[in-house]
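The values are calculated or read from the model by the stated rules, or taken from the named source; none is laboratory data. Bear in mind the structure is a predicted one, so any value in this text is a computation, not a measurement. As a convention, Cβ positions derive from the backbone with ideal geometry for all residues, glycine included, and neighbour counts pool all protein chains shown. The accessibility values were calculated without ligands, DNA or RNA, using every heavy atom of the protein model including side chains. Shrake-Rupley method; radii C 1.70, N 1.55, O 1.52, S 1.80 Å.
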Amino acid sequence: MITTSVRLVPGIVLRPAEVADAAAFARAYQRSLEHLRPTEPVRAADYYTPAGQEARLRAAVAERDAGRAMPWVLAGEVDGGSGEPEVAGAITLSQITYGPLRSASVGYWIDVGHLRRGLASAALRAVCALADEELGLHRLEAGTLLENTASQRVLTGCGFTPYGTAERYLHINGAWRDHRLFQKILNDRNP
């Protein structure tokens, strides 16, 4: 498990996500619901509540503790109304595999109020470094909807290269959707 925190930009820190972030995540998802809808699976209404986020985060922390995932939050300044840090986004390594593969999938999203500030790129660069240096991974992969050119720019700007298209790859916004696949080789060390 990684415990490192990384300052991404003034006022935003990348740190491991915790169950205690549930209410802040619920507020961020509620603010960003329409922005995220085209790129997210259809979810039950309770997913966007503090209880739904607590359940999601408990599962994510269990995956982290088992070494299969690493969820981070992009934590902002303390929200004056709640007294809790604001969630500016999230990035997660999932399907972490060791042995000869030493790979993981990466996914991320940015809160609608924090777009176009370079946060996705800063978070992805930080996670690539942590995946290499602290987890000892060899490769990361990511997929985007074909029309998600903003995310494709983030990936290519962070050194990911496209390697194919997966037809009907994920069920997104109510339909099986094609995805462009990207990868980044982090190092060529022996496993």
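Just give me the residues in segment 147-170 being open to solvent by less than 60 Å² (accessible area, probe 1.4 Å), aliphatic (A, V, I, L, M) and outside any helix (DSSP H, G or I), in sequence order.
166
All but one of (1) open to solvent by 70 Å² or more (accessible area, probe 1.4 Å); (2) touching a Phe, Trp or Tyr at 6+ places or on another chain (Cβ under 6 Å) hold for residue 133; state the number of the condition that does not hold.
Status for residue 133: all satisfied but (2).
Across segment 19-51, what is the number of residues that are within 30 Å of residue 147 (Cβ to Cβ), without any contact (Cβ under 8 Å) to a residue 24 or more places away in the chain and among the hydrophobic types (A, V, I, L, M, F, W, C)?
Here the count works out to 3.
Confirm whether residue 103 is surrounded by 14 or more Cβ atoms within 10 Å (Cβ to Cβ) and in contact with a helix residue (DSSP H, G or I) (Cβ under 9 Å, 6 or more places away or on another chain).
Considered against the rule, which asks whether it is surrounded by 14 or more Cβ atoms within 10 Å (Cβ to Cβ) and in contact with a helix residue (DSSP H, G or I) (Cβ under 9 Å, 6 or more places away or on another chain), residue 103 comes out as no.
Do the conditions hold for residue 87, that is, is it under 19 Å from residue 155 (Cα atoms), in a strand (DSSP E or B) and among the β-branched types (Val, Ile, Thr)?
no
Could you please tell me which pairs satisfy a Cβ distance under 7 Å, a separation of 6+ or placement on different chains, a first residue in segment 104-132 that is free of Cβ contacts under 8 Å to residues at least 40 places away in the same chain, and a second residue that is aromatic (Phe, Trp, Tyr) and open to solvent by 20 Å² or more (accessible area, probe 1.4 Å)?
So the pair list comes out as 120/108; 124/108.
Between a first residue in segment 52-69 that is outside any helix (DSSP H, G or I) and a second residue that is modelled with pLDDT of 95 or more, which pairs have beta carbons less than 6 Å apart while being 6 or more apart in sequence or on different chains?
Cβ pairs passing all conditions: 68/96; 69/63; 69/94.
If we scan segment 114-128, do we find a residue that is farther than 24 Å from residue 75 by Cβ, part of a loop (DSSP other than H, G, I, E, B) and not polar (S, T, N, Q)?
no
Restricting segment 129-146 to residues that are in a helix (DSSP H, G or I) and small (Gly, Ala, Ser), which is nearest to residue 10 (Cα to Cα)?
129
Examine segment 53-61 for a residue that is at pLDDT 95 or above, closer than 24 Å to residue 156 by Cα and open to solvent by 70 Å² or more (accessible area, probe 1.4 Å), and state whether such a residue exists.
No, segment 53-61 has no match at all.
Within segment 99-113, count every residue that is at pLDDT 95 or above and farther than 16 Å from residue 155 by Cβ.
6
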